[in-house]
Structures are given as structure tokens and as C-alpha cells.
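The values are calculated or read from the model by the stated rules, or taken from the named source; none is laboratory data. No experiment lies behind these values; they were computed from the predicted model shown. What goes into the accessible areas is simple: the full protein's heavy atoms, side chains included, and nothing from ligands, DNA or RNA. Shrake-Rupley method; radii C 1.70, N 1.55, O 1.52, S 1.80 Å.
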Amino acid sequence: MNWTIHQTIMIQHLRVDSVANSSVLQIGTAGSVRSLSNLYNTGGFVESAPALGASPTNPVSLVPLPPPT
């Protein structure tokens, strides 16, 4: 059995709070969802990032946190 679905969607405002790896945002009906992953070097970096903990300051200690209660 074949189905033909015609759909019109008008979106006036769309708010997406977060997008993480493996997130899917679907609007409307889809027979299949195809995954797509792109990796871009928008900063023009040519070498690997330094290992965590290689710098003299700990990046975790730079975040001020309240004392536990």
C-alpha cells in the first residue's frame, strides 16, 4: 500500500534550546530520517588541541562554584 501525503507547514517562531550530538529535529512527516554529520574547521586550526591538564592552570578551577550545602 502506498501513501501520498501533501503537507504545508508555516512556522512563525521556532525556538531550539539546545542541539547536541545525535540530535534530530523533525517537522512534519518523514518516511525515513537520514543521518548527516558534518565536521568543519572554521577556526583554520592546523594542529591538534593541547591535552587537558597540559597547561599550568586547571580549567575546572576557573569556574566559581558555591560551597556545597
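For residue 30, the test of being open to solvent by less than 100 Å² (accessible area, probe 1.4 Å) and either outside any loop (DSSP other than H, G, I, E, B) or at pLDDT 75 or above (or both) is failed. Here 25, 65, 39, 14 are screened, and the one residue that is part of a loop (DSSP other than H, G, I, E, B) and at pLDDT below 75 is 25.
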